[in-house]
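A short write-up of the structure that comes next.
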Amino acid sequence: MHYPVMTEKHLADRWQVSLKTLRRWRLDGEGPVWHKLFRQVRYHEADILEFERRSAQHLMALLGINREFKPAEPDATLGQGLDAEAESHYLTAKEIAEAASLPIHLFRDQVERNRKCVPHLMLVGNLRFSLQAILEWEMANSVPGNAAAAAVEEVESPVEPSAPAKRWYEIVREQEGERFDSAP
């Protein structure tokens, strides 16, 4: 099974760069086109291949090589998307979350599934998903990212951990203090 969408972790592993580098490129408006699927940063394979082709062409121009860059052996699985077997095979929530590199709660939680309109089937009481349908759903619901969205993403992720939650006895003390302070 081949899913033509990558997470930032997959892309960082592919290019042997850090996640921090990819995040900085998004902030600076550099690097490949990226997409947001709710809170998830995703890279479509076609955009990655195009970025790699343009980068190789640019490097060849810098080196004084005047010809079109063509990959040596195109991988048979890359441009095809999903194979015919994957289209007719239905997956469990765990399998689809792993194949699509998406959080499992999108598939297991009925309220979340309905809210985000995740395509699914109930087959004799068993929840199943089609990889092709999930890919089409992701493509329809993902939004191309830009530097402004990356800056918002950077702001949303706190660098400092938030203050620890109050313990029950601290809350009771505050409530008792307010009750006694408000008495005439």
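Taken together, the values in this text are just the output of simple stated rules run on the coordinates, not laboratory data. Everything numeric here is computed off the predicted structure, so don't read it as measured data. Neighbour counts are summed over all protein chains in view; Cβ atoms, including those assigned to glycine, are modelled from backbone coordinates with ideal geometry.
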Sequence of 129, 38 once ranked by neighbouring C-beta atoms within 10 Å, starting from the fewest: 38, 129
Per-residue Cβ neighbour rank within 10 angstrom, fewest leading, 6, 139, 122: 122, 139, 6
